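*Asks:* One structure, pasted below without further comment.
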Ligand SMILES: Cc1ncc(C[n+]2csc(CCOP(=O)(O)OP(=O)(O)O)c2C)c(N)n1
Ligand SMILES: [Mg+2]
C-alpha cells in the first residue's frame with residue numbers, strides 16, 4: 001500500500017483539526033479500555049483504534065442536518081458527530097446522564113439532536129435503517145444525506161443486498177461506508193466471501209462505488225466530499241469501501257488467534273494518526289509545542305468526561321420499563337408523556 005500522500009498540506013489549520021479529531025477518538029477509547037479493565041464499564045466493548053481516519057474523514061463532509069448510522073464500534077462516530085465524551089462515558093457506565101439515559105451502553109449510543117441513529121449491535125442492522133431515513137428525506141423533499149457505516153462482515157447478510165437494491169432502485173440519498181478491516185470477529189474476508197472486492201459488489205447494484213485508503217484521513221475526506229456532494233445533488237446512492245485495520249482485538253473477549261502478530265505490526269506502521277503527524281512534521285507544520293498543546297487539550301477533555309461519568313447516577317430500576325413501548329393515550333386522547341414514570345418528561 002502507498003504511504004500517506006506525501007504532499008504539502010495546503011490548509012494547515014484543517015490538517016490540525018483532523019489530527020485532533022483522530023486523537024480525541026484514540027484517547028477516549030484508550031480510556032474506555034482502562035475503565036473496562038477496572039470494571040467501571042461492563043458488557044461488550046469494541047474499540048475503533050486504528051480505524052479513526054475513516055470516521056474523522058467522512059464526518060468532515062457532512063452537514064448538521066445529515067443523518068449518521070453506525071455499528072457497535074461507534075464511540076468515535078458519536079464523538080465526532082457531536083455527542084460529548086461525557087455523555088458517551090456516562091452511557092457506558094449505565095448512568096442516567098448518558099446519551100441514552102444509561103439504557104444503551106457501548107453498542108447503542110444514540111442522539112436524536114445530532115441525528116446520530118446508533119449504535120446498532122446487529123451486523124448489517126443499520127443498513128435498512130439508513131435506507132428508511134433516506135427514503136423519508138426524499139419523500140419529504142429534504143436535501144439531506146444519510147451516511148451508513150458498517151463492517152465488511154455485513155456483506156454476508158441479506159440485509160446488505162436488500163438495502164443496496166432498494167437504495168439503487170429508488171435512487172435514495174444515502175452514502176454507504178464500508179469499514180473493511182479484513183476481519184469479521186475471527187473470520188478473514190477471504191474465508192467467507194468468494195468475491196472480496198466489496199466496491200465491486202456495490203457496483204453490481206448499479207451504485208457508484210470505489211475503494212479508498214482508510215488509513216489516510218486526507219484521502220478519506222476527499223473521497224467522502226466527492227461522494228456526499230454527488231448524493232446531495234441527486235446522484236443517487238454512493239458507496240465507499242474504506243480499507244482499514246483494527247489494531248486491537250474484536251472486543252474485550254477475543255484472544256486473537258486468527259491473525260499473525262506480524263500482520264498487526266505491519267498495519268500499525270500505517271497508524272492514521274502517526275501518518276498525518278509525520279506528514280505535517282515533515283512539512284514543518286507541526287511544531288513540538290503545537291502537538292503538546294493538542295494532546296494536553298484532548299487529555300483534559302477526556303479526564304473531564306471521566307469525572308462527569310463517575311459523578312453520574314445509576315439509571316433507576318423503577319424506570320426500567322419506561323420507553324419500552326410508546327405510552328397509551330390518556331382518557332382525553334392525548335399521549336401521556338413519561339407513562340408509568342409520570343409527566344416529567346417525554347420519551348427520549
Ligand atoms: C446478525 C448478526 N450475526 C452475528 C453477530 C455476531 N457478531 C458481532 S460482531 C460480528 C462481526 C462483524 O464484523 P464486521 O461487520 O466486519 O465489523 P467489525 O467488527 O470488523 O467492525 C459478528 C459476526 C451479530 N451481532 N449480528
Ligand atoms: Mg470487519
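*Asks:* Working carefully through the options 314, 337, 329, find the one that is in contact with a strand residue (DSSP E or B) (Cβ under 7 Å, 6 or more places away or on another chain) and modelled with pLDDT under 90.
*Replies:* The conditions single out 329.
*Asks:* Does segment 133-153 hold any residues that are within 23 Å of residue 226 (Cβ to Cβ) and within 16 Å of ligand 2 (Cβ to nearest atom), and which are they?
*Replies:* 148, 149, 150, 151, 152
*Asks:* For segment 150-161, indicate whether the set of residues that are within 20 Å of the chain's Cα centre (by Cα), part of a strand (DSSP E or B) and closer than 18 Å to residue 67 by Cβ is non-empty.
*Replies:* Within segment 150-161, one or more residues are within 20 Å of the chain's Cα centre (by Cα), part of a strand (DSSP E or B) and closer than 18 Å to residue 67 by Cβ.
*Asks:* Select the helices (runs of 4 or more DSSP H) contained entirely in segment 29-130, then report the ones holding at least 2 residues which are modelled with pLDDT of 95 or more and within 16 Å of ligand 2 (Cβ to nearest atom).
*Replies:* 52-59, 75-81
*Asks:* Run residue 200 past the list (1) at pLDDT 95 or above; (2) within 16 Å of ligand 1 (Cβ to nearest atom) and report the number of the one that doesn't hold.
*Replies:* Status for residue 200: all satisfied but (2).
*Asks:* Of the residues that make up segment 32-47, is at least one out of contact with any strand residue (DSSP E or B) (no Cβ under 9 Å at 6 or more places or on another chain), within 15 Å of residue 221 (Cβ to Cβ) and buried (at least 16 other Cβ atoms within 10 Å of the Cβ)?
*Replies:* No - not one qualifying residue is present in segment 32-47.
*Asks:* Let me ask you something else. In this structure, does residue 68 turn out to be closer than 19 Å to residue 215 by Cα, touching a residue at least 40 places away in the same chain (Cβ under 8 Å) and crowded, with 19+ Cβ neighbours inside 10 Å?
*Replies:* no
*Asks:* Let me ask you something else. Can you confirm whether segment 185-197 contains a residue that is within 21 Å of the chain's Cα centre (by Cα) and closer than 29 Å to residue 65 by Cα?
*Replies:* Taking every residue of segment 185-197 in turn, none turns out to be within 21 Å of the chain's Cα centre (by Cα) and closer than 29 Å to residue 65 by Cα.
*Asks:* What are the residues in segment 165-197 that are free of Cβ contacts under 8 Å to residues at least 60 places away in the same chain and either away from ligand 1 (no atom under 15 Å from the Cβ) or under 23 Å from residue 225 (Cβ atoms) (or both), if any?
*Replies:* Answer for segment 165-197, where residues must be free of Cβ contacts under 8 Å to residues at least 60 places away in the same chain and either away from ligand 1 (no atom under 15 Å from the Cβ) or under 23 Å from residue 225 (Cβ atoms) (or both): 165, 166, 169, 170, 194, 195, 197.
The values are calculated or read from the model by the stated rules, or taken from the named source; none is laboratory data. On a predicted model such as this, the values are computed, not experimentally measured, just so you know. Cβ coordinates were reconstructed from backbone atoms using ideal geometry, including for glycine residues, and neighbour counts include every protein chain displayed.
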